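The values are calculated or read from the model by the stated rules, or taken from the named source; none is laboratory data. None of the values given here were measured: they were computed from a predicted structure. Quick reminder, even Gly has a Cβ in these numbers, built from the backbone with ideal geometry, and neighbours come from all protein chains shown. Ligands, DNA and RNA are stripped out before the accessible areas are found, and what is left, the full protein with its side chains, is counted by its heavy atoms. Shrake-Rupley method; radii C 1.70, N 1.55, O 1.52, S 1.80 Å.
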Amino acid sequence: MPILRADHGACQGYANCVAGASDVYDIDDDGVVVLLKERVPEEERQRVEEAARSCPVSALTVEGG
Amino acid sequence: MSRTAVVVGSSVAGVRTAQALAAGGFDGRVLVIGAERTEPYDKPPLSKHFLTGVWDASRLALLNGGRADERVELRLGVAAEHLDVAGKQLRLADGTRVPYDVCVIATGASARPSPWAARDGIHVLRTVQDSAALRRDLLRGGEVVVVGGGFVGAEVAAAASGLGCPVTVVDPLVDPMARVLGPRVGPLLTGIHERHGVRTRFGTGVVAIEGTSGGLRVILDDGSVLAASTVVVGIGAVPNDGWLRSSGLDIADGVICDEYCRVQGTRDVFAAGDVARWPHPRHGEHVRGEHWTNAVEQAACVARNIVHQGDPVPYRPVEYVWSDQYDWKIQIAGSPALMSGHHVIGDLTGDRPRAAVAYTDTTGRLGAALTLNWPRALVACRRLLAAAAEFTQAITELDLLADARPTGRR
Ligand SMILES: Cc1cc2nc3c(=O)[nH]c(=O)nc-3n(C[C@H](O)[C@H](O)[C@H](O)COP(=O)(O)OP(=O)(O)OC[C@H]3O[C@@H](n4cnc5c(N)ncnc54)[C@H](O)[C@@H]3O)c2cc1C
């Protein structure tokens, strides 16, 4: 199952990830990304990867096969 | 038989299209052709962390070796020169012909060149080389004059000031940010420079720039003269559509597309990013985006419409742009300049306000939003905009968010 990771130090709160996949990513009151899930089913990979690619500072990765 | 998708342009729109094709089920070859020799890199940091030296070039990479990236072939350092729509092939500057089954135009834009005579010591900012050259001059110290008070100009002013240079920003408009935010809210951002010790000469045009690097003279239309070691000209961008003139495609400040981002009059040519002009339903006319998120969302839409040919989806984004100036995080969703009224939520006072301006259109819906140092409110506004929420409902939600306090962790 694809594993989600976030680099909280790199995150700038640009929030494109939330616009792309609000069931997986959120932004807290400090303006930093929160992972709402740590893993997603394989069928979700493409959608979540697309949200991760929309991060302007590449703070998000989807790992594992 | 395997198909070939050729993407022209190796920056964010082109690379993200190629990645989305590879990841999204396009079964053939995915080739990206780029005029720049440099490995695909991203631009927003060029006026921010890269210019100030906080980030090095490795942080700019657009391809990170993920699963989809391995399928993306690159052909860098050679520009496409001609698109033969009927023959379905491209001609490159070195004479090579590249046949395609589907082509994506993602050639972006270039900095509008400085119209003034002086060349030495005058910078524009679009490429990583531009940013590195500007940084070298800023590190030398001395007065900096930034011509243009838009996003890029404002960011450069903030970066130069952060590097210890005395900075003056010049713009012929009295309130340069009013173009984006409307006349009532514009001054809030236009005033950011003075608040941070950077001088402004707004409402004053540049007549001429004379001299050479280290000893430049910027002559203004009120007769005054600013001495500068370095001048940065940030007066907008022009789409890289000149190479398409011989193609017969409809070019009008960008390449004209339909609502699916398919280039008008073609079956197999699409466009994404700063070069694409498409009919945006909310604007009621063709528009061209000049922001990062537009490039990425349009790239995803184009890739999807290529893979699912029979069932294309129209491209109708909620525009979003961010800008980092001094220690302020500025985020804008929708098009505030088109709106009729607004309401402020949060606190605009202090050195680093945490506030939102919600804009409404004439139908009583939330139409656009500006947030300052408040990403969480921006998230809410983008969601509410996508849902076409009532203005009053949006304000109620934002008021609730305003009560939650940051922990101060960041
Ligand atoms: C300094 C700077 C800071 C920015 N900051 C922000 C920001 O904070 N927030 C935001 O939302 N947006 C920002 N932007 C805007 C954002 O970077 C652009 O919208 C985005 O880069 C557009 O991507 P693109 O791929 O369409 O075009 P471009 O980035 O312009 O890339 C086009 C590529 O195509 C290549 N090319 C051109 N012609 C040819 C040809 N004939 N053949 C082959 N290749 C060709 C070019 O060399 C270039 O590599 C900034 C832009 C700049 C310059």
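The table for this structure:
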read-out: Unique match (being in a loop (DSSP other than H, G, I, E, B), within 7 Å of chain B (Cβ to nearest Cβ) and of a type outside the set (D, E, K, R)) among A:9, A:13; value: A:13
read-out: Subset of region A:33-53 [open to solvent by less than 60 Å² (accessible area, probe 1.4 Å), in contact with a strand residue (DSSP E or B) (Cβ under 9 Å, 6 or more places away or on another chain) and not acidic (Asp, Glu)]; value: A:33, A:34, A:35, A:40, A:45, A:48, A:51, A:52, A:53
read-out: Tally of residues being surrounded by fewer than 17 Cβ atoms within 10 Å (Cβ to Cβ) and either within 11 Å of the ligand (Cβ to nearest atom) or within 14 Å of chain A (Cβ to nearest Cβ) (or both) across region B:18-35; value: 1
read-out: Filtered residues of region B:220-252 (kept if among the polar types (S, T, N, Q) and free of Cβ contacts under 8 Å to residues at least 24 places away in the same chain); value: B:224
read-out: Every residue from region B:339-360 that is open to solvent by 10 Å² or more (accessible area, probe 1.4 Å) and not hydroxyl-bearing (Ser, Thr, Tyr); value: B:339, B:341, B:342, B:343, B:344, B:346, B:347, B:348, B:350, B:351, B:352, B:354
read-out: Selection within region B:305-327 - touching a Gly at 6+ places or on another chain (Cβ under 7 Å) and either β-branched (Val, Ile, Thr) or assigned by TED's automatic domain parsing to the domain that holds residue B:153 (or both); value: B:307, B:318
read-out: Filter result for the condition that a residue is open to solvent by 20 Å² or more (accessible area, probe 1.4 Å), free of Cβ contacts under 8 Å to residues at least 12 places away in the same chain and not charged (D, E, K, R), over B:79, B:93, B:86, B:117; value: B:86
read-out: Of residues in region B:47-69 being more than 25 Å from residue B:146 (Cα to Cα) and open to solvent by 60 Å² or more (accessible area, probe 1.4 Å), the one farthest from the ligand (Cβ to nearest atom); value: B:67
read-out: Members of region B:256-274 that are buried (at least 24 other Cβ atoms within 10 Å of the Cβ) and free of Cβ contacts under 8 Å to residues at least 40 places away in the same chain; value: B:257
read-out: Some residue of region A:31-44 being closer than 30 Å to residue B:346 by Cβ and facing chain B (nearest Cβ under 9 Å); value: yes
read-out: From B:156, B:145, B:170, residue being of a type in the set (Val, Ile, Thr), modelled with pLDDT of 95 or more, under 18 Å from the mean Cα position of the chain (by Cα) and buried (at least 21 other Cβ atoms within 10 Å of the Cβ); value: B:156
read-out: One residue from B:253, B:222, B:268 being charged (D, E, K, R), closer than 30 Å to residue B:9 by Cβ and away from the ligand (no atom under 15 Å from the Cβ); value: B:268
read-out: Residue selected from region B:383-400 under the condition among the small types (Gly, Ala, Ser) and in a helix (DSSP H, G or I), by the criterion most open to solvent (accessible area, probe 1.4 Å); value: B:386
read-out: Breaking point among (1) within 16 Å of residue B:234 (Cβ to Cβ); (2) away from the ligand (no atom under 14 Å from the Cβ); (3) touching a Phe, Trp or Tyr at 6+ places or on another chain (Cβ under 9 Å), for residue B:102; value: (1)
read-out: Residue selected from region A:33-65 under the condition more than 16 Å from the ligand (Cβ to nearest atom) and β-branched (Val, Ile, Thr), by the criterion farthest from residue B:50 (Cα to Cα); value: A:40
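Condition check ((1) open to solvent by 40 Å² or more (accessible area, probe 1.4 Å); (2) within 19 Å of residue B:83 (Cβ to Cβ); (3) under 21 Å from the mean Cα position of the chain (by Cα)) across all residues:
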{"residue": "B:254", "(1), (2), (3)": "no, yes, yes"}
{"residue": "B:283", "(1), (2), (3)": "yes, no, yes"}
{"residue": "B:296", "(1), (2), (3)": "no, no, yes"}
{"residue": "B:315", "(1), (2), (3)": "no, no, yes"}
{"residue": "B:321", "(1), (2), (3)": "no, no, yes"}
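Rundown of residues vs (1) open to solvent by less than 10 Å² (accessible area, probe 1.4 Å); (2) more than 12 Å from chain A (Cβ to nearest Cβ), yes/no style:
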site: B:324; (1), (2): no, no
site: B:335; (1), (2): no, yes
site: B:362; (1), (2): no, yes
site: B:381; (1), (2): yes, no
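To keep it simple, each residue is scored yes or no on (1) open to solvent by 20 Å² or more (accessible area, probe 1.4 Å); (2) modelled with pLDDT of 95 or more; (3) near the ligand (Cβ under 9 Å from one of its atoms); (4) within 14 Å of chain A (Cβ to nearest Cβ).
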| position | (1), (2), (3), (4) |
| --- | --- |
| B:38 | yes, yes, yes, no |
| B:45 | no, yes, yes, yes |
| B:71 | yes, no, no, yes |
| B:107 | yes, yes, yes, no |
| B:125 | yes, yes, yes, no |
